[in-house]
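The block underneath contains the structure these notes are about, expressed in structure tokens.
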Number of protein chains: 12
Amino acid sequence: MAGHVYNVTEIVGTSPESSDDAVKNAIAEASRTLRNLDWFEVQSIRGHLEDGYVADWQVTIKIGFRHEK
Amino acid sequence: MAGHVYNVTEIVGTSPESSDDAVKNAIAEASRTLRNLDWFEVQSIRGHLEDGYVADWQVTIKIGFRHEK
Amino acid sequence: MAGHVYNVTEIVGTSPESSDDAVKNAIAEASRTLRNLDWFEVQSIRGHLEDGYVADWQVTIKIGFRHEK
Amino acid sequence: MAGHVYNVTEIVGTSPESSDDAVKNAIAEASRTLRNLDWFEVQSIRGHLEDGYVADWQVTIKIGFRHEK
Amino acid sequence: MAGHVYNVTEIVGTSPESSDDAVKNAIAEASRTLRNLDWFEVQSIRGHLEDGYVADWQVTIKIGFRHEK
Amino acid sequence: MAGHVYNVTEIVGTSPESSDDAVKNAIAEASRTLRNLDWFEVQSIRGHLEDGYVADWQVTIKIGFRHEK
Amino acid sequence: MAGHVYNVTEIVGTSPESSDDAVKNAIAEASRTLRNLDWFEVQSIRGHLEDGYVADWQVTIKIGFRHEK
Amino acid sequence: MAGHVYNVTEIVGTSPESSDDAVKNAIAEASRTLRNLDWFEVQSIRGHLEDGYVADWQVTIKIGFRHEK
Amino acid sequence: MAGHVYNVTEIVGTSPESSDDAVKNAIAEASRTLRNLDWFEVQSIRGHLEDGYVADWQVTIKIGFRHEK
Amino acid sequence: MAGHVYNVTEIVGTSPESSDDAVKNAIAEASRTLRNLDWFEVQSIRGHLEDGYVADWQVTIKIGFRHEK
Amino acid sequence: MAGHVYNVTEIVGTSPESSDDAVKNAIAEASRTLRNLDWFEVQSIRGHLEDGYVADWQVTIKIGFRHEK
Amino acid sequence: MAGHVYNVTEIVGTSPESSDDAVKNAIAEASRTLRNLDWFEVQSIRGHLEDGYVADWQVTIKIGFRHEK
């Protein structure tokens, strides 16, 4: 990471499929507007229930991206 | 959520398959006796090991369900 | 508290008015089915937003009540 | 929340009136520049004291808003 | 734990004798109404003071018990 | 805050009225014996229940005050 | 607790005997200079080791005492 | 667990596939040098991003193993 | 802080020199694009190691800045 | 502690007798293979239940020991 | 620490120079009125910003001092 | 980090000079017996006081190192 500054942003990704998929969806959306994505860290794993099933996994992550000079 | 009161209960689901599956098993069991399940949040992800393998994923979740009036 | 055992239950109260009001609604609902309510502690203060306003305060509390012998 | 991605931003609202009012001021300011505000969660409740009185309530909240596609 | 689902309940036991005794009292009371108690975990150790002595140890624990099928 | 040292003290204020009022009562009492009160931060919001109502809000705060030279 | 204000002080009690004894020693010392001690809460349980044995249990507690008017 | 002593070690497993897979890789590596692995608990779920994708899931776990006498 | 609203942003500064220097680098970079920076708080102090030395201090901070009206 | 470096290891001691005894068993076992044990800190107090009784106290501690030069 | 009781007090030291210096200033001020200072622990590292620079490091510490008999 | 497994060890470094120096001393000692040190993270910053001065900075860190295949 030498010499760099990184910004950290918090995003909630959702997916009807899996918790990992919710993470990937958050990152895919972030990569549309931010460059130099470097790492992520899961903050919480939640979900919405309907009729006794997981309708949506909701995973909050922090994403770090390198500040361009 | 307007005008409602929700109860929160803590459950540990287990599965030999995956962490997501342990969550689903906890919710499936809860839905047999509780109605109006609304959301869940993962509290911890643990597991039991046997012979160097994950014999059981054990995921503790909180489940929120709407109090019927 | 001498000689007693207490149960702790987690409840989410909601209110369009205020955070304190959401706490009171949770306790009012709990007191309909539980006796000997003794104390509460706020766990989190959240809310739902609509059109840039707080549509609902959602306050999660733990309530302790004395186990009757 | 199905199929959506949410951004989370952290804001400190202040008010000489009350802690709830500080939350509302933070949300009112956020709604001037952000759309689709969906939820908030209180992070900390602090305040500035002058002459032995609360001159300002300072409430830090996280606000979640839906990412428009 | 293979194939099982566990419920977790929170209880405060009290005892004028010791912190361990407060834990045991909580478990003894829980075992009167719940079956298949499996584990506990201490959440907090508090107490009530009278005349400069510990009148009551108050220990909050979580108890996990197996859900019978 | 340049050049100063601050002490931090922990106080529990109570009020039958509201959580904000409990904070104000704690600060009012502190200001009777301490000078140069500068800030506070809420640590926990609890309360005592009687007959299914909040008999007393109990709010624990930390108060910072400037050390006089 | 109605109408009262409480101060909270942090103390470390030690004992070669047991963790409970370290708590009691902290309270006994506090009661020599403070009146109206009301409750305590354990913050951490540590100890000093010598020759592979516990030479001293060191238990940090918070003590709440009623502010006299 | 009667009569036993357990050691706890912290390991970071990685995987390009999934978070569960990163856990399994950590355990597989640990089982090459440690015997009597008994349980694990997830500490954090992070990952490295490249070109807007998850190049590596990095899951930190604690592993408990029975001390042989 | 009277009457103001503040935004909070999270940044990771790095430096081969010292942990304080990493903080300063994060703030220097933030001040290039943000005005009215008011305070910061350290979230974590980490670093990258090479050949048994600290190649880079990586300090994550939150920065609060006043929202201009 | 001047001039020294300490290692910290995490151990779970068990005992059918008491929580303090579980701590002592962990330390006794550690002292068989490690020298210069200096301090410990309790991380969690759990236990296994059988027939409504505490079959085993399980206390997780961190132990610090001086690195010999 | 055998046989002693310790008080813990919380102090915020400030310095325009460095985070370590803020710690030292807090301790220097504490040592003017308290005797037998034994240890400190950093609670938070914050600072005030002016014109894009750290005008003041503000470090909150807990200080433990031996209670004289 | 692709394809690797990392071990994490906890060490306390000390220094009469500075908090950063205590970190460096911990890493220097660790590098004498461990290879492939990759990162560290500060867990706590404490110190021993003598005559009102910091006699020793004591910084606890976690160090991650790559497991050699």
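Couple of notes before you dig in:
- Looking across the range K:40-64, just one residue is buried (at least 18 other Cβ atoms within 10 Å of the Cβ), free of Cβ contacts under 8 Å to residues at least 24 places away in the same chain and more than 8 Å from chain I (Cβ to nearest Cβ), and that is K:VAL42.
For every residue, the table says whether it meets (1) within 7 Å of another protein chain (Cβ to nearest Cβ); (2) free of Cβ contacts under 8 Å to residues at least 12 places away in the same chain; (3) among the hydroxyl-bearing types (Ser, Thr, Tyr).
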| site | (1), (2), (3) |
| --- | --- |
| L:GLY3 | yes, yes, no |
| L:ALA30 | no, no, no |
| L:ARG35 | no, no, no |
| L:ASP38 | yes, no, no |
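- Qualifying residue in the range D:12-19 (condition: within 11 Å of chain C (Cβ to nearest Cβ), closer than 28 Å to F:SER19 by Cβ and touching a Lys or Arg at 6+ places or on another chain (Cβ under 6 Å)): no
- With respect to the conditions (1) more than 7 Å from every other protein chain (Cβ to nearest Cβ); (2) over 29 Å from K:GLY64 (Cα atoms), F:LYS24 lacks only one, and its number is (1).
- Of all residues in the range A:1-36, those satisfying the criterion of being at pLDDT below 95 and closer than 19 Å to I:GLY13 by Cβ are A:MET1, A:ALA2, A:GLY3, A:HIS4.
- Which listed residue, of G:VAL59, G:VAL8, G:VAL54, is farther than 30 Å from J:ALA30 by Cα and in contact with an Asp or Glu (Cβ under 9 Å, 6 or more places away or on another chain): G:VAL8
- Counting only residues that are crowded, with 21+ Cβ neighbours inside 10 Å and either touching a residue at least 24 places away in the same chain (Cβ under 8 Å) or farther than 16 Å from J:HIS48 by Cα (or both), the range E:5-22 holds 9 of them.
- Filtering the range H:10-32 for residues that are part of a strand (DSSP E or B), more than 9 Å from the chain's Cα centre (by Cα) and of a type outside the set (S, T, N, Q) leaves an empty set.
- Checking each residue in the range E:27-59 for being closer than 25 Å to G:LEU34 by Cβ and in contact with a helix residue (DSSP H, G or I) (Cβ under 9 Å, 6 or more places away or on another chain) picks out E:ILE45, E:GLY47, E:LEU49, E:ASP51, E:GLY52, E:TYR53, E:VAL54, E:ASP56, E:TRP57, E:GLN58, E:VAL59.
- Count of the range K:33-69 residues which are assigned to a helix (DSSP H, G or I) and either among the basic types (Lys, Arg) or on the phi > 0 side of the Ramachandran plot (or both): 0
The values are calculated or read from the model by the stated rules, or taken from the named source; none is laboratory data. All values reported here derive from a predicted model rather than from experimental measurement. For neighbour counting, all protein chains shown are included, and Cβ atoms are generated from backbone atoms with ideal geometry for every residue, glycine included.
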